[in-house]
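Only one structure is covered here, and it is reproduced in the block below.
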Amino acid sequence: MKIDTKRFGVAAAALAIAATMLSACSNGSDTAAGAATGGSSGKALTIGLLLPETVVARYEEKDKPYFEAKLKELCPDCTVIYANADSDAAKQQQQAQSMLTQGVKALVVDPYDGVAAASIVEAAAAQHVPVVSYDRLIKSDKVTYSISNDYEKVGELQATSLVAKLKADGVAPTAGGIVMLNGASTDNNAGAIKKGALSVINGSGFPVLADISTWDPTEAQNFTAGQITKFGDKIVAVYSANDGNAGGAIAAFKAGGRAVPPMTGLDASLAGLQQIVAGDLYMTVYNSFKGEAQAAAEVAYKLAKGDKVKGETTVDGIPSTLLQPKAVTVDKIKDTVIADDFYTAAKICTAEYAAACKKAGIE
């Protein structure tokens, strides 16, 4: 992923987006994505929202409701047509075509397959319907706007935390290596995450023992079980690209009667946070799904009205907004996901995790 500008104040930009989104979009053109002003009145418009899967809980539980709520705030009379691809690229293409037939004025697409989704962009462009590439990048120069997180930075944060943990525990590279559970090859963001992670791991001295590319927790579990059989205690850490893969890997270690080594994650999922509290997962990465979804709703609404939208940066030549990820270890849960009301302490600290939460000061 080539970013044309430096990571200038991405965190500040994300805060600016969140602040300015409290007001509705104006009818003026050539305004920045995070600079909406004016009232929320305007003619009714229909906007399509396409999300990629249900395996990762965030899409149904966070992205969809955040997007819908923000659009309703901006335009009470606007309509969202929603569909989830259920991990099927062909199904997502059919869903997009159906939305175009229904007359959507803008499409927000989080692609299951970033390459295959280029056909969605082509079909939309043929009808002069702008497409916002959401979270996962679409490989097409006809995408109108891209909203995502800095996923290369995600990988850097994960690997930096993992290597630092190994060094703090006094684990030497000669003791063994790292098993890598990378994201699916169909996800362009997974490549950026892996690139960021390897930029740290390759210079750490810890060898990569084996790797796989998947977003399927069951596949990750089975793969990890095989590596445990092969390498045993030589696995000193597991680099996992997200919480789902990590959950599978944790299950594999426990099923084998082995201690779980330091392990990373992504998405700040409820299960991931509880595993951190319990001491099974070392860290996860928290992206502001709310800020991302709200930015997407604002940009889509402007584009649907025919306004032009300037990006804060560009990704592969596409005007873009990139939000800044945050590393979350047990001591950072209160200051990140709870402070942002992403999850409450009560939601995380169920009866099973109450004692661990109390010990960690999460109450």
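The values are calculated or read from the model by the stated rules, or taken from the named source; none is laboratory data. Note that the structure is a prediction, hence the values are computed from the model and not measured. Note that we place each Cβ from the backbone using ideal geometry, even for glycine, and neighbour counts take in every protein chain shown.
What to note about this one:
- Region 319-356, residues that are charged (D, E, K, R), under 25 Å from T160 (Cα atoms) and under 18 Å from the mean Cα position of the chain (by Cα): K326, D340
- The one condition in (1) surrounded by fewer than 21 Cβ atoms within 10 Å (Cβ to Cβ); (2) touching a Ser or Thr at 6+ places or on another chain (Cβ under 8 Å); (3) modelled with pLDDT of 95 or more that Y282 fails to fulfil: (1)
- Within the option set K305, K359, being under 25 Å from L71 (Cα atoms) and either surrounded by fewer than 16 Cβ atoms within 10 Å (Cβ to Cβ) or more than 23 Å from the chain's Cα centre (by Cα) (or both) holds for one residue only, K305.
- Selection from region 311-363 of residues that are small (G, A, S) and over 30 Å from L137 (Cβ atoms): A345, A346, A351, A354, A355, A356, A360, G361
- Hey, D335 of a type in the set (D, E) and touching a residue at least 24 places away in the same chain (Cβ under 8 Å) or not: no
Residue-wise test of (1) in contact with a Ser or Thr (Cβ under 7 Å, 6 or more places away or on another chain); (2) crowded, with 23+ Cβ neighbours inside 10 Å.
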| position | (1), (2) |
| --- | --- |
| A249 | yes, yes |
| G256 | no, no |
| Q275 | no, no |
| T313 | yes, no |
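- On inspection, E292 passes the criterion of being closer than 28 Å to L162 by Cβ, buried (at least 23 other Cβ atoms within 10 Å of the Cβ) and acidic (D, E).
- Flag for T321 being touching a helix residue (DSSP H, G or I) at 6+ places or on another chain (Cβ under 8 Å) and without any contact (Cβ under 8 Å) to a residue 60 or more places away in the chain: no
- Here region 119-139 is the region considered, the condition is being surrounded by 17 or more Cβ atoms within 10 Å (Cβ to Cβ) and closer than 21 Å to Y151 by Cα, and the residue that is nearest to the chain's Cα centre (by Cα) is D135.
- Region 140-183: number of residues that are hydroxyl-bearing (S, T, Y) and within 14 Å of the chain's Cα centre (by Cα): 3
- Within region 45-65, if we keep just the residues that are of a type in the set (V, I, T) and at pLDDT 95 or above, the residue that is farthest from A96 (Cα to Cα) turns out to be T46.
- Set side by side, the residues D216, D211, D243 differ, and just one is among the acidic types (D, E), buried (at least 22 other Cβ atoms within 10 Å of the Cβ) and outside the structural domain of D86 (by TED's automatic domain parsing), which is D243.
- Number of residues in region 154-171 that are of a type in the set (D, E, K, R) and crowded, with 24+ Cβ neighbours inside 10 Å equals 0.
- When A190, A106, A125 are screened for being free of Cβ contacts under 8 Å to residues at least 40 places away in the same chain and not basic (K, R), only A125 passes.
- Residue within region 204-214 that is within 20 Å of the chain's Cα centre (by Cα), at pLDDT 95 or above and polar (S, T, N, Q) present: yes
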